[in-house]
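Below is one structure, written out as structure tokens; the observations come after it.
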Amino acid sequence: MAKEKGGSTVAAVEALVTPALARLGLRLWDVRFEKEGPDWFLRVLIDRDEPLDMDACEAATRAIDPILDEADPIDQAYYLEVGSPGLGCKLTRESHFAAKAGRRVRARLIRPNEKGEREVAGTLVGLADGTVTLTLDDGARADIAVKDASYFKLCDDEDLF
């Protein structure tokens, strides 16, 4: 059953852990099942409206570990890691765009736009019908088709560098 991101392993784990995380006031951000060298890692990324801390990650680990042990959705040995998606995390799901509306987001375009820009940043309005809407710094609106961008990510790490 060992599949990487997007496979049946990820879907099974998502279905198992989402209710337990919700009971803790946490949202499932992503699940990744990845091979690094000889080892497999099951990474469960969590989020909530307030900043995450180690206590939240520990509580999530304690809640989902027995569920995964009992259901045994993975046929091989793996290391479980529970953590935050991190600063500058990519928005890849509809739920990500909904949760981060009102936050500053950067889009990396596959091809330059009419102004010759490959990156566009602004306040996330939302995602609808495959189009992400941003309010730019000058107040203009940018509508970017998801298929026209290589990624959308939070700009919460801009002031760090």
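Only residues that are among the polar types (S, T, N, Q) and closer than 16 Å to Lys90 by Cβ were counted across the range 107-145, and they come to 0. Here Asp69 meets the list (1) within 15 Å of Leu28 (Cβ to Cβ); (2) part of a helix (DSSP H, G or I) almost entirely, failing just condition (1).
The set of residues in the range 77-94 being among the small types (Gly, Ala, Ser) and surrounded by 15 or more Cβ atoms within 10 Å (Cβ to Cβ) consists of Gly83, Ser84. In the range 17-28, of all residues being of a type in the set (A, V, I, L, M) and in contact with an Asp or Glu (Cβ under 9 Å, 6 or more places away or on another chain), the one that is farthest from Arg43 (Cα to Cα) corresponds to Leu26.
Within the range 99-118, the presence of a residue that is within 18 Å of Glu14 (Cα to Cα) and in a strand (DSSP E or B) is excluded. The set of residues from the range 95-128 being within 22 Å of Leu52 (Cβ to Cβ), of a type outside the set (Gly, Ala, Ser) and open to solvent by 70 Å² or more (accessible area, probe 1.4 Å) comprises Arg103, Arg104. The condition (being out of contact with any Pro (no Cβ under 7 Å at 6 or more places or on another chain), small (Gly, Ala, Ser) and at pLDDT 95 or above) is satisfied by just one residue among Ala60, Ala99: Ala60. For Arg62, the test of being within 18 Å of Ala15 (Cα to Cα), open to solvent by 70 Å² or more (accessible area, probe 1.4 Å) and either outside any loop (DSSP other than H, G, I, E, B) or of a type outside the set (A, V, I, L, M, F, W, C) (or both) is passed. Residues in the range 32-46 that are closer than 20 Å to Ser95 by Cα and either surrounded by fewer than 21 Cβ atoms within 10 Å (Cβ to Cβ) or over 17 Å from the mean Cα position of the chain (by Cα) (or both): 3 in all.
The values are calculated or read from the model by the stated rules, or taken from the named source; none is laboratory data. This one's a predicted model, so the numbers in the text were calculated from it and none came from an experiment. Don't worry about glycine lacking a Cβ; one is built from the backbone with ideal geometry, like all the others, and counts go over all protein chains shown. Note: accessible area is taken over every heavy atom of the protein model, side chains too, but ligands, DNA and RNA are not part of it. Shrake-Rupley method; radii C 1.70, N 1.55, O 1.52, S 1.80 Å.
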